[in-house]
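S.K.: Below are the structure tokens for one structure; questions will follow.
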Amino acid sequence: MSDETIFTQIVAGEIPSYTVYEDETTYAFLDAHPLAPGHTLVIPKEPYERVNDMPPELAGHVFQTVSKVTEAVEHAVDAPATTIAFNNGEEAGQEVPHVHCHIIPQFSDSTAKPIHTLFPGADIADEEMEAIAEKIRSSQ
Ligand code: AMP
């Protein structure tokens, strides 16, 4: 866990934010550089760096908050859809080392595309797919 992040400073009120939700363990606020009106970040108050660093109960609660806040965001800005995303680790584009879920409203003029347009793709043989699946099953 990180000691302190820009987001723990937001939770502590040391840095101002447009807070939209708070409970005992989670917090949500508007992104300072919004990709759309209503772009919101949901975080655990404790500065776990990655989704899979969080204890399971907290991870479940973060997802509950994401669901609840998404409903409110869509209603508030009259968005028919939302992109919901975690960049999980530096190599995935995570800039702030404190778990955060982006909720980005999408409208009829959205430029959002299917996820397969974002990355070049990987050509993986059937045997390797099965070997990878088995490793994932046995790693839990
Ligand atoms: P990521 O690049 O996925 O790590 O996302 C970090 C997000 O935090 C970016 O979308 C930033 O715009 C947002 N951000 C950084 N500093 C602040 C801040 N002080 N208040 C609100 N959002 C912030």
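The values are calculated or read from the model by the stated rules, or taken from the named source; none is laboratory data. Small disclaimer: the values here were computed from a predicted structure and weren't measured. Using ideal geometry, Cβ is built from the backbone for each residue, glycine included, and neighbour counts are taken over all protein chains shown.
S.K.: Of these, 42, 62, which one is under 12 Å from the mean Cα position of the chain (by Cα), more than 14 Å from the ligand (Cβ to nearest atom) and either surrounded by fewer than 20 Cβ atoms within 10 Å (Cβ to Cβ) or modelled with pLDDT of 95 or more (or both)?
M.R.: Working: 42 fails: more than 14 Å from the ligand (Cβ to nearest atom).
62 is the lone residue from the list that is under 12 Å from the mean Cα position of the chain (by Cα), more than 14 Å from the ligand (Cβ to nearest atom) and either surrounded by fewer than 20 Cβ atoms within 10 Å (Cβ to Cβ) or modelled with pLDDT of 95 or more (or both).
S.K.: I need the full set of residues from the range 28-37 which are within 13 Å of the ligand (Cβ to nearest atom) and either closer than 20 Å to residue 109 by Cβ or of a type outside the set (A, V, I, L, M, F, W, C) (or both), in order please. Show your work before the answer.
M.R.: Of the residues in the range 28-37, the ones within 13 Å of the ligand (Cβ to nearest atom) are 28-36.
Selection gives 31, 33, 34, 35, 36.
S.K.: A further question follows. Condition first: among the β-branched types (Val, Ile, Thr), touching a residue at least 60 places away in the same chain (Cβ under 8 Å) and closer than 20 Å to residue 63 by Cβ. Now tell me which residues in the range 1-50 satisfy that.
M.R.: Going residue by residue through the range 1-50, those that are among the β-branched types (Val, Ile, Thr) are 5-6, 8, 10-11, 15, 19-20, 25-26, 40, 42-43.
Still in the list and also touching a residue at least 60 places away in the same chain (Cβ under 8 Å): 5-6, 8, 40, 42.
40, 42 - these are the residues of the range 1-50 that are among the β-branched types (Val, Ile, Thr), touching a residue at least 60 places away in the same chain (Cβ under 8 Å) and closer than 20 Å to residue 63 by Cβ.
The rows are residues; the columns are (1) acidic (Asp, Glu); (2) modelled with pLDDT of 95 or more; (3) in a helix (DSSP H, G or I).
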| position | (1), (2), (3) |
| --- | --- |
| 32 | no, yes, no |
| 36 | no, yes, no |
| 48 | no, yes, no |
| 57 | yes, yes, yes |
| 71 | yes, yes, yes |
| 76 | no, yes, yes |
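S.K.: Going through the range 88-109 one residue at a time, which ones are surrounded by 10 or more Cβ atoms within 10 Å (Cβ to Cβ), free of Cβ contacts under 8 Å to residues at least 60 places away in the same chain and under 30 Å from residue 76 (Cβ atoms)?
M.R.: If we filter the range 88-109 for residues that are surrounded by 10 or more Cβ atoms within 10 Å (Cβ to Cβ), which is where we start, we get 88-90, 92, 94, 96-107.
Now restrict to residues that are free of Cβ contacts under 8 Å to residues at least 60 places away in the same chain: 88-90, 92, 94, 99.
Those that are surrounded by 10 or more Cβ atoms within 10 Å (Cβ to Cβ), free of Cβ contacts under 8 Å to residues at least 60 places away in the same chain and under 30 Å from residue 76 (Cβ atoms): 88, 92, 94, 99.
S.K.: Given the conditions (1) aliphatic (A, V, I, L, M); (2) closer than 30 Å to residue 20 by Cβ; (3) away from the ligand (no atom under 16 Å from the Cβ); (4) surrounded by fewer than 11 Cβ atoms within 10 Å (Cβ to Cβ), report the number of the one that residue 122 does not fulfil.
M.R.: Going through (1) aliphatic (A, V, I, L, M); (2) closer than 30 Å to residue 20 by Cβ; (3) away from the ligand (no atom under 16 Å from the Cβ); (4) surrounded by fewer than 11 Cβ atoms within 10 Å (Cβ to Cβ) one by one, residue 122 breaks only (2).
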